[in-house]
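Written below as structure tokens is the structure these notes are about.
The values are calculated or read from the model by the stated rules, or taken from the named source; none is laboratory data. Because the structure is a prediction, the values reported are computed rather than measured. All Cβ positions, even for glycine, are placed from backbone atoms using ideal geometry, and neighbour counts span all protein chains on display.
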């Protein structure tokens, strides 16, 4: 039975792995070695992927059939950052200058 998504898995022996750690580890193939930082970036781990259960192929098959709402919140912060960066780039490229300071968004505006 697969683990239900919703939070990062606990990693034995790793303090505060965080999403960047998980991304670095899961980008490796079996047999590869790399480094990954924990979430506060105060510990660097050397990672060797000896096995992967379930396989990457099975994980991709499961991901393809699951409803998007199962995973969307994991990419939400990245999507917001990319949107903000795109708007900033458009404003810079169009040479738009604000006459007043823009209103800060609140959680109600988003």
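Give the number of residues within segment 13-47 that are in contact (Cβ under 8 Å) with a residue 24 or more places away in the chain and in contact with a strand residue (DSSP E or B) (Cβ under 9 Å, 6 or more places away or on another chain).
6
For residue 106, indicate whether it is surrounded by 10 or more Cβ atoms within 10 Å (Cβ to Cβ), farther than 19 Å from residue 20 by Cβ and either at pLDDT below 90 or touching a strand residue (DSSP E or B) at 6+ places or on another chain (Cβ under 8 Å) (or both).
Judged against the criteria, residue 106 is not a match.
Which one of these is at pLDDT 95 or above and either surrounded by fewer than 14 Cβ atoms within 10 Å (Cβ to Cβ) or over 16 Å from the mean Cα position of the chain (by Cα) (or both): 27, 9, 34?
Just one listed residue meets the conditions, 34.
Restricting to segment 48-76, name every residue that is in contact with a helix residue (DSSP H, G or I) (Cβ under 9 Å, 6 or more places away or on another chain), free of Cβ contacts under 8 Å to residues at least 40 places away in the same chain and either assigned to a helix (DSSP H, G or I) or loosely packed, with under 10 Cβ neighbours inside 10 Å (or both).
Once the filter is applied, which keeps residues that are in contact with a helix residue (DSSP H, G or I) (Cβ under 9 Å, 6 or more places away or on another chain), free of Cβ contacts under 8 Å to residues at least 40 places away in the same chain and either assigned to a helix (DSSP H, G or I) or loosely packed, with under 10 Cβ neighbours inside 10 Å (or both), segment 48-76 yields 56, 59, 63, 72.
Go through segment 16-47 and report how many residues are closer than 27 Å to residue 76 by Cβ and in a loop (DSSP other than H, G, I, E, B).
10
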